[in-house]
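See structure below.
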Amino acid sequence: MNKHTPAPWRLDHKSLYSAPIIFSDTRNIAKVLYHGGSEDQEVIANAHLIAAAPELLAATTRMLNWLEGRSDEIDIIDLALDARTAITKAKG
């Protein structure tokens, strides 16, 4: 499996383009398009979720490793903070 573009991914919903853009330090990741009948708020919410994908994946992977006992070095407080931060970013 190929690796995804490294985090952080950021959202620019006030770009020169008509649709929100998700980008990293090295490239554009995605352009979130409006679809028939969609509200601006729905499109922006989708863009926030896409931009948070790397953090959500990392937090979920760490949590699963902790639950399966694969890592003794993971602090549950740090794990919860990572998850909360990723969720907050996803919610915009």
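The values are calculated or read from the model by the stated rules, or taken from the named source; none is laboratory data. Every value quoted in this text rests on a predicted model; they were computed, and no experiment measured them. Every residue, glycine as well, gets a Cβ built from its backbone with ideal geometry; the counts of neighbours run over all protein chains shown. When the accessible area is computed, the model is the full protein with side chains, heavy atoms only, and any ligands, DNA or RNA have been set aside. Shrake-Rupley method; radii C 1.70, N 1.55, O 1.52, S 1.80 Å.
I'd like to know if the stretch 27-40 contains one or more residues that are open to solvent by less than 30 Å² (accessible area, probe 1.4 Å), more than 24 Å from T85 (Cβ to Cβ) and either modelled with pLDDT under 85 or assigned to a strand (DSSP E or B) (or both). Yes - at least one qualifying residue is present in the stretch 27-40. Inside the stretch 55-92, residues that are closer than 23 Å to K3 by Cα, within 15 Å of the chain's Cα centre (by Cα) and not charged (D, E, K, R) make up a count of 11. Please specify each residue of the stretch 77-92 satisfying the condition of being of a type in the set (G, A, S), in contact (Cβ under 8 Å) with a residue 12 or more places away in the chain and part of a helix (DSSP H, G or I). If the condition is that a residue be of a type in the set (G, A, S), in contact (Cβ under 8 Å) with a residue 12 or more places away in the chain and part of a helix (DSSP H, G or I), then A83, A86, A90 are the ones that fit. Of the residues making up the stretch 41-63, those that are assigned to a helix (DSSP H, G or I), open to solvent by less than 90 Å² (accessible area, probe 1.4 Å) and among the aliphatic types (A, V, I, L, M) are V43, I44, A45, A47, I50, A51, A53, L56, A58, A59, M63. Under the condition of being in contact with a helix residue (DSSP H, G or I) (Cβ under 6 Å, 6 or more places away or on another chain) and under 14 Å from T88 (Cα atoms), the residues counted in the stretch 49-66 number 5.
Being open to solvent by less than 60 Å² (accessible area, probe 1.4 Å), assigned to a helix (DSSP H, G or I) and out of contact with any Pro (no Cβ under 8 Å at 6 or more places or on another chain), is that true of even one residue in the stretch 68-76? Quick ask: steps written out before the conclusion?
Initially, the stretch 68-76 is screened for residues open to solvent by less than 60 Å² (accessible area, probe 1.4 Å), giving 69, 71, 74.
Next cut, assigned to a helix (DSSP H, G or I) only: none.
No: zero hits.
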